[in-house]
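The values are calculated or read from the model by the stated rules, or taken from the named source; none is laboratory data. On a predicted model such as this, the values are computed, not experimentally measured, just so you know. Every residue, glycine among them, receives a Cβ derived from its backbone with ideal geometry; neighbour counts consider all protein chains shown.
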Amino acid sequence: MNIIASWVPIASTFSVLVPLFLLTRNFKNHRLEIKALALYLSIGFLIDMITWYFYATKNNTALYGIHHAYDLFEAMFLSGNILSPSHCFGILLWFGAIHVEGAVAGSSEALQSLTQADAVQRRAESTRLDLGPEPGSPGELAFFTFAKAMYLSWVLDAPLYVSA
């Protein structure tokens, strides 16, 4: 690998420290959105450092687990207030919550025909949402409701409007 190319990921990881430093100065006077950005950048830096450690120690299981968890974090909380049907579909796939003809959707062949725009009828007939046991707390119920809304967004090919 080219020596310059090998330094790009390192520079990318540490480049976040400059805005973080600037954000910490006079932190109390920043708006909530700016404070949320600082939190997001901090989490991203921490995740990058953890993944570098797992990469160096060749702990691939932990490395992939951290990456998938972070991908899910980004997809669920940093998407804005309109979720596209394909975005909702991706989140539900990560959870293993979409069943196609009775089995967890996993193969690309099973999902190929369901991802086309004209597949609304096929999605409604051949898929179902499976989130496991019924929710036991108000927080679980809220998550189940959100997941059901994401599923309907994908099945009906309609954007999902969310508000924090």
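Data for the structure
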item: Single condition L20 does not satisfy, out of (1) surrounded by 14 or more Cβ atoms within 10 Å (Cβ to Cβ); (2) over 30 Å from S153 (Cα atoms); (3) free of Cβ contacts under 8 Å to residues at least 24 places away in the same chain; result: (3)
item: Yes/no for L32 being of a type in the set (A, V, I, L, M, F, W, C) and under 26 Å from the mean Cα position of the chain (by Cα); result: yes
item: Sole exception among (1) at pLDDT below 80; (2) not in a helix (DSSP H, G or I) for K58, by number; result: (1)
item: Failed item, numbered, when I98 is tested on (1) at pLDDT below 85; (2) closer than 21 Å to V155 by Cβ; result: (1)
item: Condition met for A11 (at pLDDT 85 or above, among the small types (G, A, S) and at negative phi); result: no
